[in-house]
1. Looking only at the stretch 222-231, count every residue that is assigned to a loop (DSSP other than H, G, I, E, B) and either of a type in the set (A, V, I, L, M) or buried (at least 18 other Cβ atoms within 10 Å of the Cβ) (or both) and tell me the total.
2. Those residues that are part of a loop (DSSP other than H, G, I, E, B) and either surrounded by fewer than 18 Cβ atoms within 10 Å (Cβ to Cβ) or in contact with a strand residue (DSSP E or B) (Cβ under 6 Å, 6 or more places away or on another chain) (or both), I need them from the stretch 73-130; list them, please.
3. Take Lys191 and decide whether it is in a loop (DSSP other than H, G, I, E, B), at pLDDT 95 or above, surrounded by fewer than 16 Cβ atoms within 10 Å (Cβ to Cβ) and among the basic types (Lys, Arg).
4. State the number of residues belonging to the stretch 306-343 that are assigned to a loop (DSSP other than H, G, I, E, B) and within 19 Å of Val223 (Cβ to Cβ).
5. Enumerate the pairs (first residue in the stretch 322-345 and buried (at least 16 other Cβ atoms within 10 Å of the Cβ); second residue anywhere and of a type in the set (D, E, K, R) and not in a strand (DSSP E or B)) with beta-carbon separation below 7 Å, excluding pairs fewer than 6 apart on the same chain, so at least 6 apart or on different chains.
6. Suppose we keep only residues that are in contact (Cβ under 8 Å) with a residue 12 or more places away in the chain and over 17 Å from Val35 (Cα atoms) within the stretch 48-66. Which one would you say is surrounded by the most Cβ atoms within 10 Å (Cβ to Cβ)?
7. Looking at Ala219, Ala158, Ala177, which is the one that is buried (at least 21 other Cβ atoms within 10 Å of the Cβ) and either more than 30 Å from Lys251 (Cα to Cα) or touching a Pro at 6+ places or on another chain (Cβ under 6 Å) (or both)?
8. Filtering the stretch 131-155 down to residues that are touching a residue at least 60 places away in the same chain (Cβ under 8 Å) and closer than 20 Å to Ala104 by Cβ, which residue is surrounded by the most Cβ atoms within 10 Å (Cβ to Cβ)?
Amino acid sequence: MKVGYLTASISRQAGGLSTSVRQEAIAVGQCGTCVEIFAARDSDSAKDLIAWQPLLVHLSESSGPARFSYAPQLGETLENAQVDVLASHGLWRYTSIVASRWHAQTHRPYIVSPHGMLDRWALRNSSFKKRIASLLFENRHLREATCIRALCAAEAEAIRETGLKNPVAVIPNGVEAPPPMAGQVAPPWAKVSGFGGTKVMLSLGRLHPKKNLIALLEAWRSVCDAAWPEAAEWRLVIAGLDEGGYENELKRCATELGLTESVWFAGPLYGATKQNAYRSAAAFIIPSVSEGLPMVVLEAWSYGLPVLMTAECNLPEGFAAGSALQITPNATSISEGIHVMSAMTGEQRADMGRRGKALTEQKFSWDRIGKEMASVLAWMNGQTSRPNLMFE
């Protein structure tokens, strides 16, 4: 069986989506399945291409608005590759049109992974544009899919709420074990004034309104105003790729709130710099109002970090395992969660982190997830019976 993975971008410009698609495709390939990647080329594709080895990656030149990823040769490249099954990742891009046309011409099956893009909050965001896209191409892309993949039960329910009747397979994201540490590492904030000798609460991810970072800044102001003894020992680092100028809005907010000495915007972090951030932080926080299943939480747990997160992150396993504290997406709850986390002893936080690390090893390994996805793809191709992964 030959499987094609179709995604708008293979580069860091796609944020966590690029990481999850790459690692999943590699894991499926390790199950004995032939996997090839099809994507539009962007300005960062060349520097990130090596990470996709040993997979064969087909990049098609793109033009027009970067947000749409229009690549006119992408469909022809996919058709010429003669794949048996297609895995289409993400919505609202030209790749949705490519998947639908490929299916119409070949009559072969495809699976769609929305990655949280059908959640209620996500549908309300830029709703007018999405309604137009739905009428033009996205409804067809979803409706004609042989199967839709949900990252968790909550996403499966959101998919059903849209009226889609397709079979839905529930398969989460996974995470790689961190690479061995080579000697002492310096955190990215090592030379930031006022950050030496402090504990850092790290927020890492795409800078987008759904991450609810304005509320996080307001909560941090409340923490500073409350003058808890522990608060003076902590600093907040917000790291991630800017989307649509949101970083400037966040920086203005931090300045207006008087947080420039206790909050640092690190920008996007990659490779060893990102690893050092996880290794050097004391805790991780993600106050999102909408998520599919955030890779960054799994990464934080894999590095043994305790986590503060909302229920909207769709990882209830973390609360059950005692590896995360639950907050709601408002400034009051976030500040209360920060207080609880900062008041813990180092050993208590380390114990939370150990529980998170164990959870990733037990449930979110790519080896396990690759086998689950391979079984769904084989079923779609008529090779095996329906797997026991379906949302009923």
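1. Taking the stretch 222-231 and keeping what is assigned to a loop (DSSP other than H, G, I, E, B), we get 227-230.
Narrowing further to those that are either of a type in the set (A, V, I, L, M) or buried (at least 18 other Cβ atoms within 10 Å of the Cβ) (or both): 227.
Selection size over the stretch 222-231: 1.
2. Hits for the stretch 73-130 are Gln73, Gln82, Val83, Asp84, His107, Arg108, Pro109, Asn125, Ser126.
3. When the stated conditions are applied, Lys191 does not pass them.
4. Summing the residues that are assigned to a loop (DSSP other than H, G, I, E, B) and within 19 Å of Val223 (Cβ to Cβ) in the stretch 306-343 gives 4.
5. That search, which allows pairs on different chains as well, returns Ser323/Arg355; Pro329/Glu312; Ala331/Glu218; Ser342/Glu230.
6. Among those that are in contact (Cβ under 8 Å) with a residue 12 or more places away in the chain and over 17 Å from Val35 (Cα atoms), it is Ser62.
7. Only one candidate passes the filter, namely Ala158.
8. Checked the stretch 131-155; the qualifying residue surrounded by the most Cβ atoms within 10 Å (Cβ to Cβ) is Cys147.
The values are calculated or read from the model by the stated rules, or taken from the named source; none is laboratory data. Note that this is a predicted model, so its numbers are computed, not measured. Neighbour counts run over all protein chains shown; Cβ positions are idealised from the backbone, glycine included.
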